[in-house]
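First up is the structure itself, then whatever we jot down about it.
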Amino acid sequence: MKNLRKLAGVSILLILVFMVIALLRYQNEEEMSMLPNQIELYFNEGWGMACLTGAHAPGEGLEEHGQIGKLFYDALAEGNCQEVSLPFKGNSSGEDIVVFRNTLAGDHAGQTLSFPSRGADVRVVLDDEVIYQYSFEGDAYTRGKLPESNENYVDIPNVFPKGDLWIELCSSYPDAAASLEEAKIETRDMVVIGLVGNNIVDIGCCLLITIMAIIMFVLAVIRRYTCQPDRGELFLGLTGLAAGIYCFIGTDTLSIFYNVHAAYEMQEYLLLMLPLLLTLYFERNLNEKYSRRFSLLAWGMSIHGAVQILLQMAGLWELEEMANISAAAVGVVCVVAIVSLIQSGRGRRYLTVLPVMSVLVLLSGGIANVMMNTFFDSVYGNAAGQYSMTVFGIMMAVLHILQISREYRASAEEKVRAAQRQNAQLAQAKQDADMARQEAMAANEAKGKFLAHMSHEIRTPINAVLGMDEMILRESREQNIKEYAMDIYTAGQTLLSLINDILDFSKIESGKMEIVPVEYDISSLIHDLANMASQRAAEKKIQLIVEASQDIPSRLYGDDVRIRQVLTNILTNAVKYTQEGTVWLRVKAIAADSSRARLWFEVEDTGIGIKEEDLPKLSAEFERIEEDRNRSIEGTGLGMSITIQLLELMGSRIQVESVYGKGSRFYFELE
């Protein structure tokens, strides 16, 4: 309650301030002309005036000048024309046309004639040529109040022959056509300067409001492209733009350029938009807590706008006459916004003071505006609302700039914290990875040692068994004993080969496999390979063909043990997986000179072939191709993996071409 009393006190103080400002301006308006006296000429003497009774059809525009001129001369002949001085106030009805006539001196050529009119159609004719025409669009005089005054600015031609000047007026409002205030003649430049100078404060306010609107649009774009939450800057910018245009039209500055009645009509529609735009702005910011409240408010403002437009279209009430209702609607929006801001900001006073004060300024200016228009019946009462809107715009621009900078800073700080957390996680992950790598290396080393020891311990008894078995094969005379011994020999060789493969695989994984180049005889190597493979090929009744080119150097330098191991694995697989047909071993020199030779090794078979999707399995450890189909063929799945890794150690790479069901071709190059 204490805060509410403080708020009410501040509101009353602001209302009084805006009223005083508007009253001071109203009282001093006549003294504020910025036109130098020596270039301003009052054109008030020597006017002839005639009221042409019944010459105008109500609801229609002015008749042709020729017809009016004829009626004027008839009135002159009948003695119904009188000499008058301005300002002049006479009597007229909606069916009358009032004509003021004077003679314009030639030294006024190129200057501007200005005079006010109120609720009347105006036409200015010079030497039978229409040089200015203004059509007032308004309803008949029904509520005892004339419309606002309109200032007419007439450009006088640079050349005219006689200077016969006519001002013709007609109006639906009683006595409006027969009233003509002071007329002035001045230079065009000074008219512009004077009009702008006399309204410099209002124009400055309009510019400030428009600039604040542009700032709101920029902030809205920044929020959109930085993905920050929307705070209603777009609606606030539209509010400022509508208010700025509304106030600028009210300065009458446009009247020196063209007929601005359409602008005045737009002005009232702009005022009608303000409460709805403000509602949308506050709804965007407070909808989460008070969605029902602002939904009802938005519906109410929409209905308010629709009703005013319908009344205007039906001709029952002009938008200009309902301006105070629109101002009251703005006040309702401000009151709801202030209450909602105070309720939502409990415990966070520093976040609500500026928005509450800015809305309070707008509300106070609106109240002062309504009071001035009601009790003083003056257009200068609008100044209170204009000034409050300017202060409101500045305060809201400051508020939103601070808000977006605070949110951007918070977002940047959150990103920094997220980056720090991510860096900590990456550092921890790197540390975990290093520990895992060290553990893996230790485990791999332990595995290598274990396999080396186990292979050594297993090979010793196997070699003893194979030695004893060989003695049985050599000395036994019984056929069944020899067959048993041969089975033992075959199984022992298979087991020994498996142990050797496991040991080689362990060495390669641990990085201890070394390539030891020595000088060797290539012909001896090919001969040993052929002998090794021919025995198994003969057992399966397949043909083994060895093709070696004659241009291969006899002595080469390389690791013949690993080359022999690679070719043995490939040849053994070719014989194992070929049931009939031929296996080829081809060796040729691609390039050879006195210091270097490049050899091509190729093994081709007519075996079962390999499916294209199974080719990647060749390099997998302990994985065999088509296990179900080849279960009767012995093997561990290590041979090709070891072969591929050995070739990589020797700087080569195996290539495979295979057609499923027809055979395969393996080849590689060695230097």
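The values are calculated or read from the model by the stated rules, or taken from the named source; none is laboratory data. Please read these numbers as outputs of a predicted model, since none were measured by experiment. All Cβ positions, even for glycine, are placed from backbone atoms using ideal geometry, and neighbour counts span all protein chains on display. The protein model used for the area step is the full one, side chains on, heavy atoms only, and it has no ligands, DNA or RNA in it. Shrake-Rupley method; radii C 1.70, N 1.55, O 1.52, S 1.80 Å.
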- line: Residues of region 69-116 being assigned to a strand (DSSP E or B), open to solvent by 40 Å² or more (accessible area, probe 1.4 Å) and touching a Ser or Thr at 6+ places or on another chain (Cβ under 6 Å), in sequence order, are Lys89
- prompt: Got at least one residue in region 341-349 being open to solvent by 30 Å² or more (accessible area, probe 1.4 Å) and at pLDDT 85 or above?
  reply: no
Of all residues in region 555-587 being assigned to a strand (DSSP E or B) and basic (Lys, Arg), the one that is nearest to the chain's Cα centre (by Cα): Arg586
task: Kindly indicate whether any position in region 357-368 is farther than 30 Å from Glu321 by Cβ, over 31 Å from the mean Cα position of the chain (by Cα), open to solvent by 10 Å² or more (accessible area, probe 1.4 Å) and modelled with pLDDT of 85 or more.
output: yes
task: Only residues in region 147-167 that are under 25 Å from Leu319 (Cβ atoms) count as the first member; pair them with residues that are part of a loop (DSSP other than H, G, I, E, B) and open to solvent by less than 30 Å² (accessible area, probe 1.4 Å), Cβ under 6 angstrom, at least 6 apart or cross-chain, and list the lot.
output: Pro147/Gly119
- prompt: Checking Leu169 against (1) crowded, with 20+ Cβ neighbours inside 10 Å; (2) assigned to a loop (DSSP other than H, G, I, E, B); (3) at pLDDT 85 or above, which test does it fail?
  reply: (2)
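Residue-wise test of (1) assigned to a helix (DSSP H, G or I); (2) surrounded by 17 or more Cβ atoms within 10 Å (Cβ to Cβ); (3) modelled with pLDDT of 80 or more.
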| site | (1), (2), (3) |
| --- | --- |
| Met471 | yes, no, yes |
| Arg474 | yes, no, no |
| Arg477 | no, no, no |
| Asn480 | yes, no, yes |
| Ala485 | yes, yes, no |
| Thr494 | yes, no, no |
| Asp504 | yes, yes, no |
| Leu525 | yes, yes, yes |
- prompt: Quick one: in region 181-209, which of the residues that are at pLDDT 60 or above and among the β-branched types (Val, Ile, Thr) is farthest from Glu45 (Cα to Cα)?
  reply: Ile209
message: Suppose we filter region 546-593 for residues that are over 20 Å from Ser641 (Cα atoms) and open to solvent by 30 Å² or more (accessible area, probe 1.4 Å); how many remain?
response: 20
